[in-house]
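Okay, so here's the structure we're looking at.
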Amino acid sequence: YHDPNCKDNRVAMVHLFEWKWNDIAAECERFLAPMGYCGVQVSPPNEHVIVDGYPWWQRYQPVSYKLESRSGNRQEFINMVERCNNVGIRIYVDAIINHMSGTGRSGKGSGGSDFDADEMHFPAVPYTIADFNGCGGCPACCCINSWTDVAQVRNCRLLGLTDLNQALPGVRQKIAGFLNDLIDIGVAGFRIDAGKHMWPADLKAISELTNDLNTKWFPAGRKAFFFYEVIDLAQVGEVRAQEYTGIGKVTEFRYCIKIDDVAGGLWGIHGLYDPGWGMVESTDAFVFVDNHDNQRGHGGGGNVVTYKNPRKYKVAQAVTLGYTYGHPRVMSSYEFTTDGQGPPANGDGSTKDVVINADGSCGNGWVCEHRWQAIAGMASFRKAVANANTIDNQRTEGNKVAFSRGGRGFVAISNEGSWSGTFQTGMPSGRYCNVIRGCPNSNGGCNGAEPVTVNSDGTASVSIADWDNPIFAIHVEAKA
Ligand code: AAO
């Protein structure tokens with residue numbers, strides 16, 4: 001359950017937040033596959049409530065496990081999984097299994113199913129009141145109002161969301177049925193939403209009810225990848241991320257805070273990774289610069305760096321994708337000004353198509369950080385160095401750092417102006433493209449810049465002069 005099931009040596013995941021299934025399928029084929037990404041985290045695909053103004057968080061309130069959501073219907077979901085797997089790009093589903101919709105909501109869900117949350121009546125699953133935790137042992141509101149009462153955190157209502165009781169065999173069967181439907185379609189794994197709010201033993205039991213992955217795209221006997229959302233910022237008495245590392249990887253939110261420091265230029269103090277930070281082991285860590293919650297002040301992780309600060313964001317992503325700690329996910333956002341604002345929408349509330357501009361950027365309000373050359377280039381870097389888990393030839397000068405990765409890649413980053421000189425890259429001699437500027441082109445050169453020559457002694461002349469992209473990176477899978 002710890003293995004992301006990437007194809008070949010691909011690594012980086014990208015969260016195409018709120019994208020429609022048809023747009024994701026196209027992106028797998030035209031961009032993610034050629035650039036070396038491993039896979040896509042998709043928004044919750046199951047039926048959800050409809051909220052006035054269509055805020056993005058309506059999709060975190062399930063009505064049923066029917067694959068009918070704002071991003072598309074079941075057939076479109078199936079088509080996306082097939083087209084992406086066929087080009088080696090995996091699909092990971094954001095699975096909301098801790099709860100159903102919030103109290104006070106009723107009517108019809110995004111797939112037309114009736115429900116009434118106050119009655120805990122979800123006939124399209126079906127769930128009835130017997131499938132939910134009661135309010136015994138909870139505060140009067142039946143909700144969670146203390147993060148250090150770990151029983152309350154698991155047995156009461158997060159944000160007033162009706163809280164399923166995963167200890168019940170019937171509930172485990174229904175949740176496993178949802179996950180197995182997705183596994184049989186061809187998904188590679190799951191983000192388990194609100195993992196902190198479910199008992200590890202119940203989650204373990206549920207994962208053990210899941211099928212092997214679909215052998216049309218995966219070797220026989222492979223299990224789904226599970227990464228659990230557990231916000232643990234080392235607050236005394238709160239649920240610990242380590243409670244879940246036995247059943248999968250865990251989101252490491254302390255990394256968001258640290259990488260903001262590092263990208264802010266504090267290398268003299270923090271270096272690039274310090275075991276003393278108390279984060280989970282690298283093999284258990286699922287890391288990211290920002291996520292869909294904390295980029296807009298929800299969830300945990302403090303004031304993280306986001307696409308709204310482009311240069312700092314690219315530095316943060318270059319470190320995250322260039323270094324060795326954890327399994328990385330790149331956030332791909334849409335422009336927003338208020339925290340609840342939903343994705344770019346047409347007059348009828350339907351989500352706008354993703355359009356690709358001539359320069360490769362996205363239009364229609366989609367930010368597409370995963371397409372920024374510096375970030376896409378570093379995703380290809382992470383693929384090239386995936387099996388070289390060493391940091392060599394590290395060189396720091398104030399707020400500048402350079403290091404190589406086991407002879408398969410070299411990266412230099414400056415947080416204080418230009419940097420140039422002769423560097424030991426540890427790489428075989430040859431001509432390489434600086435993937436921060438562009439990829440190899442079809443006539444033996446590089447897009448965006450002249451090829452870089454690595455001499456027989458491994459040295460190369462390196463130059464960082466573009467303050468908006470203060471990064472230089474070459475690797476063995478991008479030779480001129
Ligand atoms: C919406 C409305 C609510 C309404 C609810 C029900 O906004 O007003 O009550 O419907 O009708 C998303 C949105 C919510 C939305 C929800 C349902 O963010 O606003 O509620 O959909 O539509 C906790 C959970 C964590 C969760 C996070 C938001 O532990 O799992 O809250 N994230 C996931 C998803 C998220 C989604 C849900 C869960 C629900 O990623 O998108 O919500 O499916 C502390 C705790 C954390 C806790 C945070 C925030 O964090 O430790 O566990 O996250 O508080 O409540 C310091 C502390 C740190 C603290 C942090 C933030 O850093 O060290 O511990 O401050 O306070």
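The values are calculated or read from the model by the stated rules, or taken from the named source; none is laboratory data. On a predicted model such as this, the values are computed, not experimentally measured, just so you know. Note that each Cβ is placed from the backbone with ideal geometry, even for glycine, and that neighbours are counted across all protein chains shown. Areas reflect the complete protein model, heavy atoms only, side chains present, ligands, DNA and RNA absent. Shrake-Rupley method; radii C 1.70, N 1.55, O 1.52, S 1.80 Å.
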### Message
Condition (residue is among the hydroxyl-bearing types (Ser, Thr, Tyr) and surrounded by 19 or more Cβ atoms within 10 Å (Cβ to Cβ)) applied to region 237-250: is it met by at least one residue?
### Response
yes
### Message
Here is a check on your reading of the model: is GLY365 out of contact with any Leu (no Cβ under 7 Å at 6 or more places or on another chain), open to solvent by 10 Å² or more (accessible area, probe 1.4 Å) and of a type in the set (Gly, Ala, Ser)?
### Response
yes
#### Entry: Sole residue being at pLDDT below 95, open to solvent by 40 Å² or more (accessible area, probe 1.4 Å) and assigned to a loop (DSSP other than H, G, I, E, B), chosen from ALA167, ALA140
ALA140
### Number of positions in region 402-424 that are in a strand (DSSP E or B), out of contact with any helix residue (DSSP H, G or I) (no Cβ under 6 Å at 6 or more places or on another chain) and farther than 16 Å from TRP467 by Cβ
8
### Query
So which of ALA117, ALA130, ALA140 ends up being of a type in the set (A, V, I, L, M) and more than 16 Å from the ligand (Cβ to nearest atom)?
ALA130
### Query
Does region 385-408 hold any residues that are within 28 Å of ILE24 (Cβ to Cβ) and crowded, with 22+ Cβ neighbours inside 10 Å, and which are they?
VAL385
### Query
Going through region 84-110 one residue at a time, which ones are surrounded by fewer than 18 Cβ atoms within 10 Å (Cβ to Cβ) and closer than 22 Å to VAL187 by Cα?
ASN86, VAL87
### Message
So SER146 passes all but one of these: (1) closer than 25 Å to PHE17 by Cα; (2) in a loop (DSSP other than H, G, I, E, B); (3) small (Gly, Ala, Ser). Which condition number does it fail?
### Response
(1)
### Residue check for TRP372: of a type in the set (Phe, Trp, Tyr), touching a Pro at 6+ places or on another chain (Cβ under 9 Å) and open to solvent by 10 Å² or more (accessible area, probe 1.4 Å)
yes
### Summary
If you go through THR306, THR320, THR337, the only one that is within 16 Å of the ligand (Cβ to nearest atom), at pLDDT 95 or above and either within 16 Å of the chain's Cα centre (by Cα) or over 17 Å from GLY36 (Cα atoms) (or both) is THR306
### Task
Can you tell me which residue within region 187-206, out of those that are open to solvent by less than 10 Å² (accessible area, probe 1.4 Å) and small (Gly, Ala, Ser), is nearest to the ligand (Cβ to nearest atom)?
ALA194
### Query
Is it the case that ILE183 is away from the ligand (no atom under 15 Å from the Cβ) and open to solvent by less than 20 Å² (accessible area, probe 1.4 Å)?
yes
